[in-house]
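Before any comments, here is the structure.
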Amino acid sequence: MGLPIQGLWRCMGVIVARGRLQRVQQPSLLDSGDVQLIDVREPDELIEYGKIPKSLNIPLSRLTKSLSMNESNFIEQFGKEMPMKWNINLIFHSMGPIRSKAAMKLAHKLGFLKARHYPGGWEEWSEKQGLPLKKE
């Protein structure tokens, strides 16, 4: 449950290290609700490819505005609680590492200093789950 292990944290079946997540075989914290996973792809990409269950879609182009909202506006727009700035389990992902890393950097500038990103993104996650990369 996000406990430090020599500078690493177990998270959604992956290890968080130096701002990046790496896949390991561990029970998923995503199911426990301890992780706030934000998918920064555009909505049409989710329709075309699919999404990680329970992830919240906030496109990278709207991330700064969304993370700057007050909590009630965030809940009204997304139906979920706003991430806390100190939360180690705020994780961004995309198809791969480029946009998720950009999202993490934006979040850091907004004060979410412990935010991380999952560089493998949808591409790695779907492969590990035995799902096709793209919907047919």
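The values are calculated or read from the model by the stated rules, or taken from the named source; none is laboratory data. Only a predicted model underlies this, so the values are computations on that prediction, with no experimental measurement involved. Reconstructed Cβ throughout: ideal geometry from the backbone, glycine too, with neighbour counts over all protein chains shown.
Among what's in the range 86-102 and is at pLDDT below 95, in contact with a Leu (Cβ under 9 Å, 6 or more places away or on another chain) and assigned to a loop (DSSP other than H, G, I, E, B), pick the residue that is surrounded by the fewest Cβ atoms within 10 Å (Cβ to Cβ).
Trp86
Between a residue in the range 56-72 that is β-branched (Val, Ile, Thr) and any residue that is loosely packed, with under 13 Cβ neighbours inside 10 Å, which pairs come within a Cβ distance under 7 Å, given they are 6 or more apart or on different chains?
So the pair list comes out empty.
Determine whether the range 61-81 contains at least one residue that is modelled with pLDDT under 90, surrounded by fewer than 21 Cβ atoms within 10 Å (Cβ to Cβ) and not β-branched (Val, Ile, Thr).
no
Of all residues being in a helix (DSSP H, G or I) and in contact (Cβ under 8 Å) with a residue 60 or more places away in the chain in the range 103-136, which is surrounded by the fewest Cβ atoms within 10 Å (Cβ to Cβ)? Just the residue, please.
Checked the range 103-136; the qualifying residue surrounded by the fewest Cβ atoms within 10 Å (Cβ to Cβ) is Lys128.
Exactly one of (1) farther than 14 Å from Val35 by Cα; (2) touching a Lys or Arg at 6+ places or on another chain (Cβ under 9 Å) is unmet by Glu123. Its number?
Result: Glu123 fails condition (2) only.
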